[in-house]
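> One structure follows; several queries about it will come next.
The values are calculated or read from the model by the stated rules, or taken from the named source; none is laboratory data. Since this is a predicted model, take the numbers as computed values, not measurements. Cβ placement follows ideal geometry from the backbone for every residue including glycine, while neighbour counts extend to all protein chains displayed. We work out accessible area using only protein heavy atoms, side chains counted, and drop any ligands, DNA or RNA first. Shrake-Rupley method; radii C 1.70, N 1.55, O 1.52, S 1.80 Å.
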Amino acid sequence: YTGRMLWDKGIGELVEAAGMLHDRGVKAHLHLYGDPYAANPKSIPVDRLQSWNNEEYITWHGHVDNIGEALRHANIVCLPSYREGLPKSLLEAASVGRAIVTTDVPGCRDVVEDGVNGYLVPARDADSLADRLAKLAGDPELRTRFGKKGRERVEQEFRQELVVERTLKLYEELLNR
């Protein structure tokens with residue numbers, strides 16, 4: 001997980017799912033990258049993050065300057081958010097060819113096509129999250145296939161030139177009204 005440490009990002013469910021995987025004997029380690037956001041009432045307290053960090057299967061890294069380096073070491077990227085715009089963290093994950101597990105909410109489903117470049121799960125559902133993470137953790141070929149498809153999707157739909165072109169076209173349409 002990369003992003004702000006907010007309850008609304010589904011981090012509680014992600015930690016719960018990581019515990020389920022640990023209890024099932026699934027070889028997986030959850031890495032949390034990001035800081036709490038004190039100005040937000042949904043911010044996860046530092047003491048909670050530190051307590052999770054004490055679990056043998058969770059590492060909270062806090063803020064990192066080079067998220068690309070963190071993604072290079074990841075096999076799966078997960079964003080179990082309750083709601084999103086267009087999550088940059090998922091675009092970054094797909095652009096470097098990582099399999100994704102995210103929630104079936106607007107924004108997230110714009111980046112991930114279920115069963116093609118990742119999995120979509122219901123928001124606030126730690127059981128489904130654990131099931132999909134376990135499937136990917138145990139299947140390196142599937143992770144590789146999802147990663148390749150995610151990279152292709154970013155190149156086809158989200159590359160900078162295309163986004164700029166679409167944005168300028170929208171502005172032109174609005175100005176001509």
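> Less than 17 Å from a label point 7 Å out along the Cα-to-Cβ axis of R83: which backbone N atoms in the range 1-40 qualify, by residue?
6-11, 40
> Treating the angle as unsigned and between 0 and 90°, give the value, to the nearest 10°, between the Cα long axis of helix 140-157 and the longest Cα principal axis of the chain.
Helix 140-157 sits at roughly 30 degrees to that axis.
> Counting other C-beta atoms within 10 Å, and keeping those with at most 14, which DSSP coil trypsin sites (Lys or Arg not before Pro) do you find in the range 1-70? All intermediate terms of the calculation are to be shown ahead of the outcome.
Values: sites: R4, K9, R24, K27, K42, R48; in loops: R4, K27, K42.
Sites meeting the loop and neighbour criteria: K27, K42.
> When the dipole is taken about the Cα centre of the range 2-128, and only Lys, Arg (+1) and Asp, Glu (-1) are charged at their Cβ, what size is it in debye, to the nearest 20? Intermediate results must be reported in sequence, preceding the final value.
On the way: 12 positive and 18 negative charges, 30 e Å.
In debye, rounded to 20, the range 2-128 gives about 140.
> Could you work out the relative contact order of the chain? I mean the mean sequence separation of Cα pairs under 8 Å and 6+ apart, divided by the number of residues, in percent. Kindly include the intermediate steps, with their values, before the conclusion.
Values: 297 pairs, mean separation 37.8, N = 177.
RCO, the chain: 21 percent.
> Any idea what angle helix 11-24 forms with the longest principal axis of the chain, computed on alpha-carbon atoms, 0 to 90 degrees, nearest 10?
The angle comes out at about 50 degrees.
> Taking a 19 Å limit on the Cα-Cα distance, which of the listed pairs K148/K169; K149/K169; K88/K169; K88/K149 fall beyond it?
Details: K148/K169 30 Å; K149/K169 27 Å; K88/K169 22 Å; K88/K149 17 Å.
Distance filter (> 19 Å) returns K148/K169; K149/K169; K88/K169.
> Solvent-accessible area per residue for the range 56-126 at a 1.4 Å probe radius, Å²? If you can, show how the numbers build up before the last one.
Details: 3180 Å² over 71 residues.
I get 45 Å² per residue for this part.
> OK, next. How big is the chain on each of its three principal axes, counting only the C-alpha atoms and giving the largest first in Å?
Extents along the principal axes, in whole Å: 58, 41, 29.
> Placing +1 on the Cβ of each Lys and Arg and -1 on the Cβ of each Asp and Glu in the chain, which of S95, G68, I44 has its Cα farthest towards the positive end of the resulting dipole?
Farthest towards the positive end: S95.
> Pick out, from A137, N117, V105, the residue whose Cα sits farthest towards the positive end of the charge dipole of the chain, with +1 on the Cβ of Lys and Arg and -1 on the Cβ of Asp and Glu.
Toward the positive end, the furthest listed residue is N117.
> Can you list the lysines whose alpha carbon sits under 19 Å from that of K27, skipping same-chain ones fewer than 8 residues off?
K135
> Let me ask something additional. Taking Cα atoms, how many degrees apart are the long axis of helix 126-137 and the longest axis of the chain, rounded to 10 and kept between 0 and 90?
Computed tilt is about 90 degrees.
> Nothing charged except the Cβ atoms of Lys and Arg (+1) and of Asp and Glu (-1): what's the magnitude of the dipole of the range 77-121 about its Cα centre? Round to the nearest 20 debye. Could you put the intermediate results ahead of the total?
Working: 4 positive and 6 negative charges, 25 e Å.
Dipole about the Cα centre, nearest 20: 120 debye.
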